[in-house]
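This report refers to the structure that appears directly beneath it.
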Amino acid sequence: MEQTFIALKPDAVQRGYIGTIIERFERKGFKLVGLKLMQVSQQLAEKHYQEHTQKPFFKGLVSFITSGPIVAMVWEGNNVVESARKMMGATNPKDALPGTLRGDFAVDMGRNIVHGSDSAESAKREIGLFFSPDELLSGWHRSTESWVYEEAQKEPASV
Ligand code: DAT
Ligand code: MG
């Protein structure tokens with residue numbers, strides 16, 4: 001099954017939204033397969049945001065993501081990459097619709113509370129950056145699965 005990398009940025013942790021945001025993904029029906037509270041190093045931040053190296057906001061972005069603890073997570077489910085992006089809402093919270101995480105809980109582009117991989121390829125790369133294979137518990141069975149999916153789910157793909 002598909003996996004995505006979700007990070008609760010330092011603003012989400014500081015503002016007390018860890019539980020609220022995790023709950024949204026749980027209630028949707030996705031399965032949590034990796035979770036940790038961590039401090040992002042300068043080196044990891046620069047690798048994670050590699051595609052933005054040349055952007056004028058890069059320095060601020062790296063300084064923000066390293067400014068306090070984050071919660072790094074891997075979520076699994078059918079179409080989880082695209083669905084998680086929809087649940088997060090537009091990058092700029094001013095354009096994010098109500099009902100989305102950024103639409104409901106954020107105001108400023110540089111404080112948009114959550115990161116989510118933008119494609120299956122990015123997810124694979126980002127999961128590899130933040131988690132070692134033994135930190136992921138892909139094989140566990142969530143007992144609500146037959147109430148979330150009509151068809152039985154296949155074994156998850158290994159990361
Ligand atoms: P997303 O986080 O929705 O994937 P992105 O990958 O384009 O968005 O950018 C990464 C982060 O960088 C984003 O969450 C907020 C910040 N950012 C993006 N564009 C920006 C801009 N024009 N000015 C300031 N910050 C920006
Ligand atoms: Mg992005």
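The values are calculated or read from the model by the stated rules, or taken from the named source; none is laboratory data. A quick note: this is a predicted structure, and the numbers were derived from the prediction, not measured. Because the Cβ atoms are built from the backbone with ideal geometry, glycine has one as well, and the counts that use them run over all protein chains shown. SASA here: full protein model, heavy atoms, side chains in, ligands and nucleic acids out. Shrake-Rupley method; radii C 1.70, N 1.55, O 1.52, S 1.80 Å.
In terms of Cα to Cα distance under 15 Å, which aspartates and glutamates are near enough to Lys36, apart from those fewer than 8 places away along the same chain?
Result set, ordered by chain and number: Glu126, Asp134, Glu135.
Quote the charge dipole size of the chain about the Cα centre in Debye, to the nearest 20; the model charges only the Cβ of Lys and Arg (+1) and of Asp and Glu (-1).
For this selection, approximately 500 debye.
Quick one: 3J(HN,Hα) in Hz for region 113-122, Karplus 6.51/-1.76/1.60 with θ = phi - 60°, rounded, Gly and Pro as x.
Coupling constants for region 113-122: 6, 9, 10, x, 4, 9, 6, 4, 5, 4 Hz.
Here are some pairs, Lys47/Lys154; Lys9/Lys31; Lys9/Lys86; Lys55/Lys154; Lys9/Lys124; Lys31/Lys55; which of them have Cα atoms lying more than 29 Å apart in this structure?
Lys47/Lys154; Lys55/Lys154; Lys31/Lys55
If you average the sequence gap of Cα pairs under 8 Å that are 6 or more apart and divide by the length of region 1-68, what percent do you get for the contact order?
Across region 1-68, relative contact order equals 38 percent.
Name the long-range amide H neighbours of Val114: under 5 Å, sequence gap of 5 or more, or other chain; modelled H, no Pro or chain starts.
Under 5 Å from the amide H of Val114 lie the amide H atoms of Lys9, each far enough along the sequence or on another chain.
Could you check how many percent of all C-alpha pairs in region 6-159 are farther apart than 18 Å?
Result: 59 percent of Cα pairs exceed 18 Å.
Quick one: plug the Kirkwood hydrodynamic radius of region 1-93 (C-alpha pairs) into Stokes-Einstein at 25 °C, 0.890 mPa s, and report D in µm²/s.
174
Could you tell me what percent of the DSSP beta bridges with both partners in region 14-159 are antiparallel, to the nearest 5?
The answer is about 90 percent antiparallel.
Work out which chymotrypsin sites (Phe, Trp or Tyr not before Pro) in the chain are exposed loop sites (DSSP not H, G, I, E or B, at most 14 other Cβ within 10 Å) and give the longest gap free of them.
Longest gap between qualifying sites, sites excluded: 58-139.
Compute a Gaussian network model of the chain, connecting alpha carbons closer than 10 Å, and tell me which residue from Gln14, Gln39, Gln50 fluctuates the most.
Of Gln14, Gln39, Gln50, the most mobile in the Gaussian network model is Gln50.
From the phi of every residue in region 90-96, what ³J(HN,Hα) in whole Hz does the Karplus formula 6.51 cos²θ - 1.76 cosθ + 1.60 yield, where θ is phi - 60° and glycine or proline is x?
Computed from phi, the couplings for region 90-96 are 4, 3, 8, x, 5, 9, 7 Hz.
Express the carbon and sulfur contribution to the solvent-accessible surface of the chain as a percent, rounded to the nearest whole number, probe 1.4 angstrom.
Heavy-atom surface of the chain belonging to carbon and sulfur, 1.4 Å probe: 52 percent.
Any idea of the accessible area per residue across region 73-159, 1.4 Å probe, to the nearest Å²?
60
State, as an integer percentage, the relative contact order of the chain based on alpha-carbon contacts under 8 Å between residues 6 or more apart.
Relative contact order for the chain comes out at 33 percent.
Under 10 Å, Cα contacts only: if you run a Gaussian network model on the chain, which one of Ile22, Ile70, Ile127 comes out with the highest mean-square fluctuation?
In this elastic network of the chain, the residue with the biggest mean-square fluctuation among Ile22, Ile70, Ile127 is Ile22.
Quote the relative contact order of region 71-127 in percent (integer), defining contacts as alpha-carbon pairs under 8 Å separated by 6+ residues.
Relative contact order for region 71-127 comes out at 30 percent.
Which of Gly77, Gly139, Gly34 ends up with the largest GNM mean-square fluctuation for the chain, with Cα atoms connected below 10 Å?
Most flexible of the set in this elastic network: Gly139.
For the chain, what is the calculated [θ] at 222 nm in deg cm²/dmol (nearest 500), taking -39500 (n - 2.57) for each run of four or more DSSP H residues and dividing by its residue count?
Mean residue ellipticity at 222 nm (helix-derived): -10000 deg cm²/dmol.
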